[in-house]
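Written out below as structure tokens is the structure these notes cover.
The values are calculated or read from the model by the stated rules, or taken from the named source; none is laboratory data. Keep in mind it's a predicted model, so treat the numbers as computed, not measured. For neighbour counting, all protein chains shown are included, and Cβ atoms are generated from backbone atoms with ideal geometry for every residue, glycine included. Accessible surface areas use protein heavy atoms only, side chains included; no ligands, DNA or RNA. Shrake-Rupley method; radii C 1.70, N 1.55, O 1.52, S 1.80 Å.
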Amino acid sequence: MSNQMQNSSIHGSSSSSQAPSNQQQHEHQQPQPLSRYESQKKRDWNTFGQYLNNQSPPVPLSQCNFNHVLEFLRYLDQFGKTKVHLQSCIFFGQPAPPAPCACPLRQAWGSLDALIGRLRAAYEEHGGLPETNPFGSGAIRLYLREVKECQGKARGIPYKKKKKKRNQIKGSQSAKAFKQLAS
């Protein structure tokens, strides 16, 4: 006799009046919504897969390499919203140009960098090996570095690496703690 049936016969109640079991409750629960990051990663992965399928001939993911990733990044530039002044533009190097110009709109470096990070993670989550991950290729890192430098010069805003904040402990406190550990 199952535990549920034993409990109902001991307590004189029927199983239909009892609260549903954990398994029944779990079956009726909605899955947790994806986080913003997970949603973006899923959308980006699907977009990249669609891009590969639309190539002539279609490129299977197993044959994808860094060249396909670079082509994808260049393809995305047409949907960019960041004005990147050409060297021949009179506003080249000015952070806030006073008038409009005909320079192209591109994907911002930060957006591309975040996109590559999400695709790199998605590749490995879908069974790809870290050693063969086309999104982690040196060519991709080089491309991103060049985009960053080019956009920084064109906009007159150099990108500076943010320094990580460290928890600073007063020198005397850390020295005391170290002496206590040593003894």
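Summary table below
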read-out	value
Some residue of the stretch 158-169 being under 29 Å from the mean Cα position of the chain (by Cα), modelled with pLDDT of 75 or more and open to solvent by 80 Å² or more (accessible area, probe 1.4 Å)	no
Residue match in the stretch 22-29 (condition: at pLDDT below 70 and surrounded by 10 or more Cβ atoms within 10 Å (Cβ to Cβ))	yes
Identity of the residue in the stretch 91-135, of a type in the set (Ser, Thr, Tyr) and open to solvent by 50 Å² or more (accessible area, probe 1.4 Å), that ends up nearest to the chain's Cα centre (by Cα)	Ser111
Looking only at the stretch 51-90, and only at residues there that are in a helix (DSSP H, G or I) and open to solvent by 100 Å² or more (accessible area, probe 1.4 Å), the one that is nearest to Leu112 (Cα to Cα)	Arg74
Conditions (1) modelled with pLDDT under 70; (2) not in a loop (DSSP other than H, G, I, E, B); number of the one not met by Ala122	(1)
Pairs with Cβ under 6 Å, 6+ apart, first in the stretch 78-105 and without any contact (Cβ under 8 Å) to a residue 24 or more places away in the chain and more than 12 Å from Gln151 (Cβ to Cβ), second assigned to a loop (DSSP other than H, G, I, E, B) and open to solvent by 40 Å² or more (accessible area, probe 1.4 Å)	Phe91/Pro97
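Residue-by-condition table, conditions (1) more than 30 Å from Arg155 (Cβ to Cβ); (2) at pLDDT below 90; (3) under 22 Å from the mean Cα position of the chain (by Cα):
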position: His11; (1), (2), (3): yes, yes, no
position: Tyr37; (1), (2), (3): no, no, yes
position: Asp44; (1), (2), (3): no, no, yes
position: Ser56; (1), (2), (3): yes, no, no
position: Gln63; (1), (2), (3): yes, no, no
